[in-house]
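Single-structure report; data block below.
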Amino acid sequence: MPAPSAQESKSTPPVVRTAVVWCALIGGTLLLFWRASHFGFLNYDDPTYLTKNPHVQGGLSWAGIKWAFTAPADYWHPLTWLAHMLDWQLYGASAFGHHLTSIGWHALNAVLVFAVFRRLAGGFWRSAFAAALFAWHPLRVESVVWVTERKDVMSGCFFLLTLLAYERYVAARAENRPAWGRYFLTLACFVAGLMSKPMLVTVPLVLLILDAWPFRRWSSAASVRRVLLEKIPFLVLSLAAGVATLVMQRQSGAFVLQVPFGERAENAVVSLARYLGKFAWPFDLIVCYRHPGPWPVAAVVGAAVLVIGLCWVAWQQRRRRPWIAVGLGWFLITLLPVLGLVQVGFQAMADRYTYLPLLGIELALIWSVPVATSRAVRTGVVVLGVALLAACAWRTWNQEGVWHDSVSLFEHAVAVSHQNDMAEDLLASALFAANRINEAAVHAERACALNPRNATAPVTLAGIRERQGRVNDAIALYRTALRLRPDNPEVSCQLGLLEYGTGHPREAWQFMLPVIRTERGFRQRALEIGQTALQRGDLRSARFFHELVLAAAPDDAEAHAGLGYILILTGDRAGGIAQWHRALELDPTLPGLRERLAEIEK
């Protein structure tokens, strides 16, 4: 028996019943994720986004807003940056508030999912069940509990608002009422979503399949032209966001894993099947699914048969149950940017990528359940639904515990995944940060052994060897890391520092100069090292680092001033005075330098 029609199910339910569902969704989501509000920050991406990001920690300001829109990152998401800035201004370094904000966004999204399904597909209790399943499913944990993934819950909110606004626009057009305001509202929500996370580039395609059902706007050639024309602004924005993302990811070094296109295509097909499997059986969820390279032929064929079979079923049911095709299309289209056809990062897949795509699978499944005709069957369906939600909530609660801290997160990943060099490396980093040096060394060594082409594992092990006092081993490991990834400025600088410390200034100069020539932050760090050496009386090291900075940036006034002082202390009075004159030419406001120069020239 088919699901209720959209027209039948869009009758307005009693306000009290709707309020009860809203309270249950919001209250249940807040209670379920409240445990995570007491967790701390992680050492995985949280430092970049929050705990070591001075721009975010500066709070909301004109300088911060400018930075949010121009920040060099893996992709452009200024609204997410602004949200983190606001959180830091409100809560500071207390992770509790940051977690609570993410949980609040997710609770809001639960209500929006209920509203979207009510408007698009109808069925009050089906929509309520779908919203609860979305909100309480274990696959949501990564997006909600990981503060860095605020972009998931924010972009998800604007995605759902886009769908609601678009439904209002379509309804106004169908009734020949003014609709341009609703059209621009839809466009504004879409832009906000792109500014939160560019994964929403597929929204125009989602709107097009919704035009087929439930809106049925593909009825004539004229309507098809109108539908396509009104999507042009959306497509242009998606194209711009997509190109900008690719450029920024290339500049930020996000393409760290070189995988042939054939293997990327294999992984994309297998990942579709794996996502469906994790939805049905959400166990062994981890934060880092290692990319295997080539998949076994049997896995690829099996996944392809599953996907093709589902597409065949959707096609066969396109008239009787059109929501199956729409839901499957929703799933496939929204996952397209993150399937790894363009490989970004190390992962084969990620739980966070399912935040919006699996709503399509919920649509296809839940609205295909036949309408119960007897009280006994209805009671059984209700009991089964409640049991399923309870099981999801139990698994979600347990999965949250995995995210308590960095060590527990990656210990779990190592325990439930097979030969995962990513998990071993990340666990080593977490243990190292927790000052568990010997344990960290074991896992870093294992990561290097599992995958000799992993460019981050030697860096982790090198840092451990430094702490252990095995400097020559650390140098060898940093050199290995640079062979694997020559464009790593942090490794080049650290290797240069170690080479200098072991009496090889020429090698140090070669490693550090190209980096500080192009990276202002590293140039400032080198200058600070030189100033620290000067303060402790190590004039040789102080001169080396000041001259290094000037070789990279001849117009650095502060470096000229420091070098002048060093030269005077080492007996080269004329050279020092010349450096001070040059410093004042570049920056006449250097504090105290003009007075000091006048005194020494008397």
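Would you please name the residue that is farthest from Arg506 (Cα to Cα), looking only at residues in the stretch 566-600 that are outside any helix (DSSP H, G or I) and of a type in the set (Gly, Ala, Ser)? Selected residue: Gly592. Within the stretch 48-67, identify whether any single residue is closer than 28 Å to Val201 by Cα, part of a loop (DSSP other than H, G, I, E, B) and of a type outside the set (Val, Ile, Thr), and answer yes or no. Checked the stretch 48-67: at least one residue is closer than 28 Å to Val201 by Cα, part of a loop (DSSP other than H, G, I, E, B) and of a type outside the set (Val, Ile, Thr). Output the number of residues of the stretch 196-211 satisfying the condition of being touching a residue at least 60 places away in the same chain (Cβ under 8 Å) and touching a Lys or Arg at 6+ places or on another chain (Cβ under 6 Å). Number satisfying all stated conditions: 2.
I need the full set of residues from the stretch 426-464 which are part of a loop (DSSP other than H, G, I, E, B) and open to solvent by less than 10 Å² (accessible area, probe 1.4 Å), in order please. If the condition is that a residue be part of a loop (DSSP other than H, G, I, E, B) and open to solvent by less than 10 Å² (accessible area, probe 1.4 Å), then Asn454 is the only one that fits.
Which one is least open to solvent (accessible area, probe 1.4 Å) among residues in the stretch 73-94 that are aromatic (Phe, Trp, Tyr) and assigned to a helix (DSSP H, G or I)? Going through the qualifying residues, I end up with Trp81.
Only one of Leu513, Leu563, Leu550, Leu534 is closer than 26 Å to Ala481 by Cβ and in a helix (DSSP H, G or I). Can you tell me which? Explain how you work it out, then say what you get.
On the way: Leu563 fails: closer than 26 Å to Ala481 by Cβ; Leu550 fails: closer than 26 Å to Ala481 by Cβ; Leu534 fails: closer than 26 Å to Ala481 by Cβ.
None of the other options fit; the residue is Leu513.
Assess whether Asp421 counts as being buried (at least 17 other Cβ atoms within 10 Å of the Cβ), in contact with a Leu (Cβ under 6 Å, 6 or more places away or on another chain) and charged (D, E, K, R).
On the way: buried (at least 17 other Cβ atoms within 10 Å of the Cβ): yes; in contact with a Leu (Cβ under 6 Å, 6 or more places away or on another chain): yes; charged (D, E, K, R): yes.
Yes, satisfied.
Selection of the stretch 290-300 for residues being open to solvent by less than 40 Å² (accessible area, probe 1.4 Å) and either modelled with pLDDT of 95 or more or touching a His at 6+ places or on another chain (Cβ under 8 Å) (or both) yields Ala299, Val300.
Exactly one residue among Ala325, Ala280, Ala303 is surrounded by fewer than 20 Cβ atoms within 10 Å (Cβ to Cβ), among the aliphatic types (A, V, I, L, M) and modelled with pLDDT of 95 or more, and that residue is Ala280. Condition check for Arg506 on (1) part of a helix (DSSP H, G or I); (2) farther than 17 Å from Pro489 by Cα; (3) open to solvent by less than 80 Å² (accessible area, probe 1.4 Å): one failure, at (3). Tell me, which helices (runs of 4 or more DSSP H) wholly within the stretch 281-399 include 1 or more residues that are within 22 Å of the chain's Cα centre (by Cα) and in contact (Cβ under 8 Å) with a residue 12 or more places away in the chain? Hits in the stretch 281-399: 322-335, 357-366. Here the condition is being open to solvent by 40 Å² or more (accessible area, probe 1.4 Å), among the polar types (S, T, N, Q) and in contact with a Gly (Cβ under 8 Å, 6 or more places away or on another chain); of Gln531, Gln535, it holds for Gln531 alone. Of all the numbered requirements in (1) over 19 Å from Leu339 (Cβ atoms); (2) open to solvent by 30 Å² or more (accessible area, probe 1.4 Å); (3) modelled with pLDDT of 95 or more, Ile209 misses one, and that requirement is (1). Looking for whichever is within 22 Å of Phe184 (Cβ to Cβ), of a type in the set (A, V, I, L, M) and open to solvent by 60 Å² or more (accessible area, probe 1.4 Å) here; the options are Val243, Val236. Which one fits? Within the list Val243, Val236, the selection yields Val236.
Kindly indicate which of Gly123, Gly193, Gly156 is under 30 Å from Leu384 (Cβ atoms), in contact with a helix residue (DSSP H, G or I) (Cβ under 6 Å, 6 or more places away or on another chain), crowded, with 23+ Cβ neighbours inside 10 Å and in contact (Cβ under 8 Å) with a residue 24 or more places away in the chain.
On inspection, the qualifying residue turns out to be Gly156.
Of the residues making up the stretch 334-348, those that are at pLDDT below 95, open to solvent by less than 20 Å² (accessible area, probe 1.4 Å) and among the hydrophobic types (A, V, I, L, M, F, W, C) number 2. Considered as a group, the residues in the stretch 100-113 that are open to solvent by 10 Å² or more (accessible area, probe 1.4 Å) and among the hydrophobic types (A, V, I, L, M, F, W, C) include one that is nearest to Ala19 (Cα to Cα), and that residue is Val111. Selection of the stretch 22-72 for residues being among the hydroxyl-bearing types (Ser, Thr, Tyr) and surrounded by 15 or more Cβ atoms within 10 Å (Cβ to Cβ) yields Thr29, Ser37, Tyr44, Tyr49, Thr51. Within the stretch 52-71, not a single residue is under 27 Å from Thr354 (Cα atoms) and in contact (Cβ under 8 Å) with a residue 40 or more places away in the chain. Every condition in (1) crowded, with 19+ Cβ neighbours inside 10 Å; (2) in contact (Cβ under 8 Å) with a residue 60 or more places away in the chain; (3) among the β-branched types (Val, Ile, Thr) is met by Val269 except one, and the failing one is (2). When the stretch 561-595 is filtered for residues that are closer than 18 Å to Thr532 by Cβ, open to solvent by 20 Å² or more (accessible area, probe 1.4 Å) and not hydrophobic (A, V, I, L, M, F, W, C), the ones remaining, listed by number, are Tyr565, Thr570. When each of Pro178, Pro138, Pro214 is tested for being in contact (Cβ under 8 Å) with a residue 60 or more places away in the chain and either among the small types (Gly, Ala, Ser) or surrounded by fewer than 22 Cβ atoms within 10 Å (Cβ to Cβ) (or both), the lone residue that passes is Pro214. Within 30 Å of Gly469 (Cβ to Cβ) and charged (D, E, K, R), is that true of Arg525? Yes, satisfied.
Residues that are open to solvent by less than 70 Å² (accessible area, probe 1.4 Å), at pLDDT 95 or above and of a type outside the set (Gly, Ala, Ser) within the stretch 353-379 comprise Tyr353, Thr354, Tyr355, Leu356, Pro357, Leu358, Leu359, Ile361, Glu362, Leu363, Ile366, Trp367, listed in sequence order. Scanning the stretch 478-488 for residues that are open to solvent by 30 Å² or more (accessible area, probe 1.4 Å) and either in a helix (DSSP H, G or I) or free of Cβ contacts under 8 Å to residues at least 24 places away in the same chain (or both) gives Arg479, Thr480, Arg483, Leu484, Pro486.
Pull up the stretch 161-175, narrow it to residues that are open to solvent by 40 Å² or more (accessible area, probe 1.4 Å) and out of contact with any Gly (no Cβ under 9 Å at 6 or more places or on another chain), then point me to the one that is nearest to Leu187 (Cα to Cα). Only one residue fits best here, namely Arg168. Look at (1) in a helix (DSSP H, G or I); (2) buried (at least 20 other Cβ atoms within 10 Å of the Cβ); (3) not hydroxyl-bearing (Ser, Thr, Tyr) and you find that Gly97 fails only one, number (2).
The values are calculated or read from the model by the stated rules, or taken from the named source; none is laboratory data. This structure is a prediction, so every number in the text was calculated from the model and none was measured. Please note: Cβ atoms are built from the backbone with ideal geometry, for glycine as well, and neighbour counts cover all protein chains shown. The area values use the complete protein model at the heavy-atom level, side chains included, leaving out ligands, DNA and RNA. Shrake-Rupley method; radii C 1.70, N 1.55, O 1.52, S 1.80 Å.
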